[in-house]
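The values are calculated or read from the model by the stated rules, or taken from the named source; none is laboratory data. All values derive from a computational prediction rather than experimental measurement. As a convention, Cβ positions derive from the backbone with ideal geometry for all residues, glycine included, and neighbour counts pool all protein chains shown.
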């Protein structure tokens, strides 16, 4: 029996085992551990290994996080399981300004509702779910008790980090224009008159299990024929460590309701404007 036939057989068995689950009104909770590697760039070359270790320990609350995804067939709530800072004995107040808040996804209506806090002000983001064009792969691997299949997608960085802020985003983009009067052709044969600068994208790798046949996952990741148990994007890996199916206590999956309503684009504009205002105010104080 060749490898492809074996994988097809495994998928068939999984489908049989989960057929009963699909027809049930089930709920579940998935626990995820997220770990990011620290990128110090040129600054890293100028400090000692002891200093790097100290910085990593100080930023551990931002580099390592735990999350809980509560779900049913159509809805889910994804939220961070907050930890206390081992140095200060408090939660990471500054980091909360640029991290995703409590998130509600409805795969039937394809709507997202997410809480966001920015410098003490509460926002309620209402928008469409992120459209992800997944490419299903043949690779499989075991995560805990579940057989998982691989999927990949290319996503715009701006769609992944709309709740974050970087000064680099405010720098003007230069457009590359061809000087030739005769249009050139790309490899796919499509004439190209003006070539714009490439919009930054990131490759997302996900591992999903048909054994839990719901189209949910952590953060804004969704749209696969099974619960996503692992996501690799950039320098961050998010891995499911535990799943509880049909807990004794019925889960309440309700969309957040408090905060000033805004779309993702509107929220991004608000925080960018506030950061520029804060920078300008500091500049005026220094000049006085």
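Within segment 263-278, residues that are under 16 Å from residue 126 (Cα atoms) have Cβ atoms under 9 Å from residues that are assigned to a helix (DSSP H, G or I) and modelled with pLDDT under 90 in these pairs: 268/158; 268/169, counting only partners at least 6 apart in sequence or on another chain.
Closer than 30 Å to residue 239 by Cα and modelled with pLDDT under 95, is that true of residue 164? In short, yes.
With respect to residue 243, is the statement that it is closer than 25 Å to residue 145 by Cα, in contact with a helix residue (DSSP H, G or I) (Cβ under 9 Å, 6 or more places away or on another chain) and at pLDDT 95 or above true? The answer is no for residue 243. Of the residues making up segment 61-72, at least one is modelled with pLDDT of 65 or more and part of a loop (DSSP other than H, G, I, E, B). When residue 109 is tested against the conditions (1) out of contact with any strand residue (DSSP E or B) (no Cβ under 7 Å at 6 or more places or on another chain); (2) modelled with pLDDT of 95 or more; (3) not in a loop (DSSP other than H, G, I, E, B), the lone failure is (3). Against the conditions (1) surrounded by fewer than 19 Cβ atoms within 10 Å (Cβ to Cβ); (2) part of a strand (DSSP E or B), where does residue 240 fall short? Just the number, please. For residue 240, the failing item is (1).
Could you go through segment 223-234 and let me know if any residue there is at pLDDT below 95, in a loop (DSSP other than H, G, I, E, B), out of contact with any helix residue (DSSP H, G or I) (no Cβ under 9 Å at 6 or more places or on another chain) and surrounded by fewer than 17 Cβ atoms within 10 Å (Cβ to Cβ). No, that holds for no residue.
Quick check, is residue 247 in contact (Cβ under 8 Å) with a residue 60 or more places away in the chain, surrounded by 14 or more Cβ atoms within 10 Å (Cβ to Cβ), assigned to a loop (DSSP other than H, G, I, E, B) and touching a strand residue (DSSP E or B) at 6+ places or on another chain (Cβ under 8 Å)?
Details: in contact (Cβ under 8 Å) with a residue 60 or more places away in the chain: yes; surrounded by 14 or more Cβ atoms within 10 Å (Cβ to Cβ): no; assigned to a loop (DSSP other than H, G, I, E, B): yes; touching a strand residue (DSSP E or B) at 6+ places or on another chain (Cβ under 8 Å): yes.
Judged against the criteria, residue 247 is not a match.
The residue list 212, 199, 276, 270 contains one member that is modelled with pLDDT of 95 or more, over 23 Å from residue 65 (Cα atoms) and either touching a helix residue (DSSP H, G or I) at 6+ places or on another chain (Cβ under 9 Å) or part of a helix (DSSP H, G or I) (or both), which is 212.
So is residue 154 surrounded by fewer than 15 Cβ atoms within 10 Å (Cβ to Cβ), part of a strand (DSSP E or B), in contact with a helix residue (DSSP H, G or I) (Cβ under 6 Å, 6 or more places away or on another chain) and modelled with pLDDT of 85 or more or not? In short, no. Among the conditions (1) crowded, with 18+ Cβ neighbours inside 10 Å; (2) modelled with pLDDT of 95 or more, the only one that residue 205 does not satisfy is (1).
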